[in-house]
Amino acid sequence: MKVLQRGTLISAALAGLLVLGGCASSGSGDMSGTTGSDGSSANNGGSGSGSNGSGGSGGSGGTATTASTPTGDIANKGGGVLTATGDAVSSLGTTVGGSNLPGASALGNVVDNLGNTVSVLGTGVQSGLGSIGTNPNPIGTTVSSTGNVVTAAGNTVTATGSLVDSLGTGPLQPLSPVTTTVGGTVQQVGQAVANAGGTLGTALSTGPVEQVTQQLSSAVVPLTSQVTTATQTLGNTTGLGAPATNLLQTVGGGVAGVGTSLTATNAPVVSGLGGVVTATGATVAALGGATSTPGGATSANPLAPITGALGGLGGTTTGGSNPLGAVTGSLGGAASGGSPAAGVTAPVGSLVTSVGTSLTSTGATTPLAPVTGAVGGALGTVGAALGGGAHH
């Protein structure tokens with residue numbers, strides 16, 4: 001009960017700080033509006049401004065909601081994975097469009113718009129569900145962003161029509177009557193879909209739909225907070241929360257480091273994937289927020305009572321040695337270490353470190369040396385964090 005009261009006081013204090021910094025929370029709206037690109041940027045920008053407005057009202061309404069929750073943080077990072085994936089696809093489209101192959105420009109534009117569609121979807125998740133705790137209607141914001149997704153999808157269809165139209169050139173000139181007709185029809189369909197996206201976004205953000213999403217948010221947001229509080233309290237009480245949080249943050253940080261290394265290679269395609277890997281690592285790290293509260297109960301090894309008892313079973317008995325002694329002794333020994341679950345993570349860490357070392361040495365004499373070196377070094381860092389020894 002004392003733990004819950006203490007958690008309540010901390011939550012109240014954080015909520016007060018959020019009220020004082022309400023202006024800062026509206027900044028997430030501005031960030032979510034920067035993903036538009038190329039032909040679809042105008043539509044996304046227009047729709048995005050509406051979403052940004054919702055985000056702003058979420059900041060000013062901070063007195064009616066709690067501080068940003070772990071659930072919101074996880075959703076925000078998850079949306080970031082989608083956004084980064086879309087950016088990677090768009091980057092691939094730029095690479096394709098810049099080649100000298102016939103029709104490459106039109107094909108690159110299709111891929112670019114496809115990536116933008118995925119990015120817009122991620123932005124909708126980030127600005128809505130990703131702002132649980134600061135946005136009074138996070139579900140409504142994400143639902144209304146569906147209009148942006150439809151608009152971006154329409155732009156992709158339009159670009160596909162242009163691609164079909166462009167096929168009737170050069171050696172395929174005889175097919176021009178067909179490709180022009182079909183391409184033009186596809187373009188018209190795409191434009192209609194894009195226009196429908198704007199109408200859909202308005203319908204989903206106003207009137208009866210807005211009222212429904214507001215009621216859903218009012219019911220779901222407190223529920224997610226209660227579930228998260230329960231898991232954090234359980235983690236703090238059992239002592240398992242802090243080690244789990246540390247492990248998730250360590251692994252997530254290692255994965256994010258791999259992504260940063262990939263991005264730094266500036267290699268086509270590979271560099272674009274770096275953002276996806278980095279965002280994935282950030283999502284894994286964010287999961288740690290649901291297992292314990294900052295400053296929660298910690299333990300040198302939360303499994304010590306169990307593994308200690310098992311270790312005791314491994315001693316000699318009046319009838320002779322215990323056949324489980326080797327196993328339980330190892331478990332008991334892991335309990336006496338200073339690192340949580342070191343007996344479990346150390347072998348994994350050693351394996352990861354070994355893989356990183358092998359990858360670095362194998363690729364050192366190949367054209368992929370920058371990539372293999374970066375990934376190998378990052379894997380070595382992760383392995384060392386898991387107790388696998390330093391990376392050489």
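Here is how the numbers come out for the structure above:
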item	result
Selection within the stretch 199-247 - more than 27 Å from Thr283 (Cα to Cα), small (Gly, Ala, Ser) and surrounded by 14 or more Cβ atoms within 10 Å (Cβ to Cβ)	Gly201, Ala203, Ser205
Residues of the stretch 195-210 satisfying the condition of being more than 11 Å from Ile139 (Cα to Cα), assigned to a helix (DSSP H, G or I) and not aliphatic (A, V, I, L, M)	Asn195, Gly197, Gly198, Thr199, Gly201, Thr202, Gly207, Pro208
Residue within the stretch 116-139 that is in contact with an Asp or Glu (Cβ under 7 Å, 6 or more places away or on another chain) and within 23 Å of Ala84 (Cβ to Cβ) present	yes
Where Gly80 falls short, out of the listed (1) surrounded by 24 or more Cβ atoms within 10 Å (Cβ to Cβ); (2) under 28 Å from Gln226 (Cβ atoms); (3) in contact (Cβ under 8 Å) with a residue 24 or more places away in the chain	(1)
Tabulated pairs, the stretch 171-185, first assigned by TED's automatic domain parsing to the domain that holds Ala106, second of a type in the set (D, E, K, R), C-beta under 6 angstrom, 6+ apart or interchain	Thr179/Asp165; Thr180/Asp165; Gly183/Asp165
Search result, residues across the stretch 58-81 that are in a helix (DSSP H, G or I) and at pLDDT below 90	Gly58, Gly59, Ser60, Gly62, Thr63, Ala64
Residue check for Ala244: farther than 22 Å from Gly380 by Cβ, assigned to a helix (DSSP H, G or I) and assigned by TED's automatic domain parsing to the domain that holds Val111	no
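The values are calculated or read from the model by the stated rules, or taken from the named source; none is laboratory data. Please read all numbers here as calculations on a predicted model, not as lab measurements. All Cβ positions, even for glycine, are placed from backbone atoms using ideal geometry, and neighbour counts span all protein chains on display.
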